[in-house]
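To start, the structure under review is shown below, and the notes come after it.
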Amino acid sequence: MIRCPHCSAMYEELISRLKYEPKLSCPSCEKYVGVNLLELYTALDSAEKSCEALFQKLAGAAGGRSLPE
């Protein structure tokens with residue numbers, strides 16, 4: 001979710017689009033919204049590590065059985 005700094009509208013955007021096009025046009029006010037790529041990559045890295053930790057915890061709770069790939 002992205003909040004426009006100009007009109008405060010919230011809208012959804014795909015991560016893949018943000019990676020390659022970090023300057024977007026707000027669908028409400030049509031002004032440009034810049035995305036900080038460093039913050040985006042930091043958040044993605046944190047989410048990936050959290051998912052890996054959760055998978056490890058679930059695998060341990062499953063009695064040592066591995067999760068399907």
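The values are calculated or read from the model by the stated rules, or taken from the named source; none is laboratory data. Being a predicted model, the structure only gives us computed values, none of them experimental. Cβ coordinates were reconstructed from backbone atoms using ideal geometry, including for glycine residues, and neighbour counts include every protein chain displayed. Calculation scope for accessible area: heavy atoms of the full protein, side chains included, ligands and nucleic acids excluded. Shrake-Rupley method; radii C 1.70, N 1.55, O 1.52, S 1.80 Å.
The set of residues in the range 12-33 being free of Cβ contacts under 8 Å to residues at least 24 places away in the same chain, farther than 18 Å from residue 43 by Cα and either open to solvent by less than 80 Å² (accessible area, probe 1.4 Å) or of a type in the set (Phe, Trp, Tyr) (or both) consists of 24, 25, 26, 32.
Scanning the range 1-60 for residues that are part of a helix (DSSP H, G or I) and of a type in the set (Asp, Glu) yields 39, 45, 48, 52. Among the residues making up the range 11-65, those that are out of contact with any Gly (no Cβ under 8 Å at 6 or more places or on another chain) and of a type in the set (Lys, Arg) are 17, 19, 31, 49, 57, 65. Considering only the range 34-54, state which residues are β-branched (Val, Ile, Thr) and touching a residue at least 12 places away in the same chain (Cβ under 8 Å). Matches in the range 34-54: 35 only.
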